[in-house]
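The numbers here are math on the coordinates, done by the rules we state, and not lab data. Here the structure is a predicted model, which means the values were calculated and not measured. Cβ: placed from backbone, ideal geometry, glycine included. Neighbour counts: every protein chain shown.
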Amino acid sequence: MSGRYNLPDPLTLIHPRSLKNLNYHLQELVKGRLWLKILIGMMLGIVTGLVLGPSTGTLSQEMSYTIGEWLALPGYLFLAMLQMIVVPLVFASIIRGIAAGEDMEQLKKIGLRTVAYFLVTTALAILIGLTLALTINPGTYISSELVQGTMTSNATQTDTSEFGSFDVAELPGMITTIVPTNPLGSLATGQMLQVVIFSIIIGVALVSMQPVQSKPLLELLGSLQEVSMTVVRWSMLLAPIAVFGLISKFTLNLGIDALMGMLVYVGTVLLGLLLMLIVYMLVIIVVTRRNPLKFLRSIRDVLLLAFSTSSSAAVMPLSIKTAEENIGVRPSISQFVIPLGATINMNGTALYQSIAAVFLAQAFGIELGFGQLLLIMVTVVGASIGTPSTPGVGIVILAMILNSVGIPTSGIALIIGVDRILDMSRTAVNVTGDLVTCVIMDKWVTGKKTANEEFIEVANQEAQRRVHDEDVIVISPGE
Ligand code: ASP
């Protein structure tokens, strides 16, 4: 009971429409087989890059660089548009997702368990990544000329002197920094962990207030979600040509020999992602006793879309719909776990970042001791949480990890050429991780209502929204 107004838990009164309803923005992309167009774009990109590249002698080095930049223009625009909307989309979705909870008690339980589960699986993904990289040693397959080439590029060099200066006394100060003292600054600069903390605090505050006060802000955030998904739909029109352009540019600049040298690295990351997928399927078998192949088939559309868009945030509406309608997860779980998971649960990205760090250390001939590997593990956990769920950012955040371990960040120039395919693949694994989390939490956090009761209630609420033409409805007790 809420003392002041003697009303029930406000969370049980206010009901914003689910993000799942914005799925119509993505339907066309699924039906139009975006993934196939993307694959065709990739193939054509590689061919164009090879034909126009310096190895065939068709164009001068300077000319091919200029052409590469122009070919990549739609790709740059595509990435910029998605990066532009990720912060508002995630901010609005986490807050409204919190408002989908059954009651405060359930919210607390699911929040703590979800975050603990995310941390454990992220650590596991990093362990898989490090073990694979240290066994296969992909960095030893790369020619020293190529490595020297990147050393002379104008990318920043790392200052290794700071390595090992970590002090336990600094920890409380570091923990405090995750609470943004300047939230607009965090939103503006895309500090994802701070954005998540800010969103959770605002969300919990909103659902603790009486609906008359929280409703207007929840409605405004609903508009923000709609705007963001509209921009996602527009940018997706560019996706196939964007992928074509970006792949042509990198193939053109790197040349066939360099690309071949990177094959072992690409193979190691893909193998790691596959192993992670197998771990998820084992979890599904143990926890739900379902056939993992059937599970994969039921989430196929969202995986293909994640692969095509390279953005966990952009596919959130379809992820929620898939979780509820294809795997039977309760809406109070999926609407909370998916926006949070899309933002901070990036097992595919964590696995990739740990392999990339070891690969570059090997390529630069840097020995990694136990201390450094541990440091990679800790920084990758933080970095993957802070990686925004948009295309191509996992590699940008990698610079931070490299810096902390003393690996030259100029090495990023080496791996960026093959990053498109790795980004698409790791995004599909990130999204699978979020869906598996939904299944686990659905089992682990029991609610007062059964799944069926929740589905019926949500359908009734949606009917009421239609009647009143409202996005956020308030249902008085006893109604
Ligand atoms: N594209 C990834 C995602 O949205 C993030 C990354 O770049 O690793 O999940």
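Details
- Alpha-carbon centroids, the stretch 239-288 and the stretch 377-392: separation in whole Å: 17
- Those lysines that a straight Cα-Cα span of less than 22 Å connects to LYS37, excepting residues fewer than 8 apart in one chain: LYS249
- Classification of the stretch 1-128 by its C-alpha gyration tensor yields a prolate form. The axis ratio a/c (a ≥ b ≥ c) is 1.5 or more, and a/b outweighs b/c.
- Summed over qualifying helices (DSSP H, 4 residues or more, each -39500 (n - 2.57)) and divided by its residue number, the chain shows a 222 nm mean residue ellipticity of -24000 deg cm²/dmol.
- Sites VAL474 and ILE285 - FRET efficiency at Förster radius 35 Å, r taken between beta-carbons, to 0.05: 0.25
- Cβ-Cβ FRET estimate between THR176 and VAL227, R0 fixed at 41 Å, reported to 0.05: 0.80
- Cα gyration tensor, the stretch 196-291 - rounded (a/c under 1.5), prolate or oblate: oblate
- With R₀ fixed at 56 Å, the C-beta to C-beta distance from ARG297 to ALA188 puts the FRET efficiency at about 0.85.
- Distance (nanometres) between label positions extended 7 Å along Cα→Cβ at SER143 and GLN213: 6.8
- Nearest 10 degrees, 0 to 90: helix 263-288 Cα axis against the chain principal axis: 20
- Dipole of the stretch 29-470 [Lys/Arg +1, Asp/Glu -1 at C-beta], most positive-end residue of MET346, GLN372, SER298: SER298
- Where trypsin sites (Lys or Arg not before Pro) fall in DSSP loop in the stretch 436-476, at most 15 other Cβ within 10 Å: LYS448, LYS449
- Diffusion constant of the stretch 29-470 at 10 °C, which comes from Stokes-Einstein with the Kirkwood Cα-pair radius and 1.306 mPa s, µm²/s: 70
- Around the Cα centre of the chain, unit charges on the Cβ atoms of Lys, Arg, Asp and Glu (plus for the first two, minus for the last two) sum to a dipole of about 1100 debye.
- Helix 34-52 axis, angle to the chain major axis (alpha carbon atoms, nearest 10°): 20
- Report note on the peptides 349-357, 99-107, 176-184: ranked by the mean count of other C-beta atoms within 10 Å, highest first, their order is 349-357, 99-107, 176-184.
- The distance between label points at LEU134 and TRP234 comes to 4.9 nm (points 7 Å beyond Cα on the Cα→Cβ vector).
- VAL47 paired with GLU457, simple spin-label distance in nm, labels 7 Å along Cα-to-beta-carbon: 5.6
- Lysines with Cα under 21 Å of LYS215, excluding same-chain neighbours fewer than 8 positions away: LYS20
- Positive end of the dipole of the chain (Cβ unit charges, origin at the Cα centre): among THR48, VAL86, THR121, the Cα lying farthest that way belongs to THR121.
- Of the residues ILE397, THR230, LEU193, the one whose Cα sits farthest toward the positive end of the charge dipole of the chain, with +1 on the Cβ of Lys and Arg and -1 on the Cβ of Asp and Glu, is THR230.
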